[in-house]
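Notes follow the structure.
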Amino acid sequence: MAIALETIQQSEHFKLRKAYNRFLFIGAVLAAILHAVAAIFSPPYTPHPYQLRERKLSSVELPDDIVIPPPPAEISRPELPQEAEISEEASEEETLAPTSFDPFAPPAVPDVSSGGEAEVFVAFDTPPEPVHQVAAEYPELARQAEAEGLVMVLVTIDETGRVTAAQVQSSDAIDSLQQAAVAAAKKWLFKPAKQRDKPVKVRIVIPFRFNLN
């Protein structure tokens with residue numbers, strides 16, 4: 001039985017070797033047909049050369065000079081009240097002046113500017129000096145719209161030289177450029193202004209010019 005099984009296996013192997021060349025030929029023909037059909041029906045190749053993408057650059061001018069408002073005029077000292085001589089013949093109505101003081105009235109609210117901070121009027125001998133300037137970023141939409149203009153930003157500088165508040169004082173630019181100027185002004189640093197060698201809080205105006213040329 002083992003001899004019969006070996007004979008069958010040899011016979012199947014012989015048949016496979018005999019049909020090998022025929023199968024190889026059929027496979028080669030089919031591959032050639034598939035390549036020919038693909039070459040006929042495939043779309044033509046169109047080369048797309050690489051193009052370098054160039055970004056349009058714009059310049060933002062830093063202010064050359066900082067507009068420092070003049071210090072407020074000195075106010076003359078009030079005259080000291082003179083002690084009046086009390087007459088023994090004066091009545092109580094004559095010696096007591098009328099008053100409109102109301103202890104239950106609400107306290108007076110200080111005048112607040114649009115930047116959310118009270119007006120600052122401090123005289124100084126030495127003006128603030130910028131030590132770190134930040135250019136305003138040109139918004140992409142404003143650049144595409146070719147928007148330009150000048151924005152004057154009023155900033156409040158505290159005793160440490162930091163900008164604590166910034167707001168637009170005047171402008172001929174669109175809102176996005178004004179917001180960019182205010183955001184840049186808040187990042188500036190200064191040597192604080194001084195009055196008699198003592199740092200004081202002041203306000204100055206910083207111009208930001210947006211120009212695409």
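The values are calculated or read from the model by the stated rules, or taken from the named source; none is laboratory data. Keep in mind that this is a model prediction, so the values were computed, not measured. Glycine also receives a Cβ, built like all others from the backbone with ideal geometry; neighbour counts cover every protein chain displayed.
Results, tabulated for the structure shown:
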| item | result |
| --- | --- |
| Residues within region 138-170 that are among the hydroxyl-bearing types (Ser, Thr, Tyr) and part of a strand (DSSP E or B), tallied | 3 |
| Count of residues meeting criterion [in contact (Cβ under 8 Å) with a residue 60 or more places away in the chain, in a strand (DSSP E or B) and not aliphatic (A, V, I, L, M)] in region 173-213 | 10 |
| Members of region 125-144 that are free of Cβ contacts under 8 Å to residues at least 40 places away in the same chain and in contact with a helix residue (DSSP H, G or I) (Cβ under 9 Å, 6 or more places away or on another chain) | Leu141 |
| Qualifying residue in region 165-176 (condition: within 15 Å of Pro130 (Cβ to Cβ) and surrounded by 17 or more Cβ atoms within 10 Å (Cβ to Cβ)) | yes |
| Those residues of region 187-201 which are under 24 Å from the mean Cα position of the chain (by Cα) and under 12 Å from Pro128 (Cα atoms), in sequence order | Trp188, Leu189, Phe190, Lys191 |
| Hits in region 177-213 (condition: buried (at least 19 other Cβ atoms within 10 Å of the Cβ), aliphatic (A, V, I, L, M) and more than 13 Å from Ile66 (Cβ to Cβ)) | Leu177, Ala180, Ala181, Val182, Ala184, Val200 |
| Residues of region 152-172 satisfying the condition of being of a type in the set (Gly, Ala, Ser), touching a helix residue (DSSP H, G or I) at 6+ places or on another chain (Cβ under 8 Å) and free of Cβ contacts under 8 Å to residues at least 40 places away in the same chain | Ser171 |
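A quick yes/no check of all residues on (1) surrounded by 10 or more Cβ atoms within 10 Å (Cβ to Cβ); (2) closer than 30 Å to Glu146 by Cβ; (3) modelled with pLDDT of 70 or more:
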{"residue": "Ala4", "(1), (2), (3)": "no, no, no"}
{"residue": "His13", "(1), (2), (3)": "yes, no, no"}
{"residue": "Ile26", "(1), (2), (3)": "yes, no, yes"}
{"residue": "Pro49", "(1), (2), (3)": "no, no, yes"}
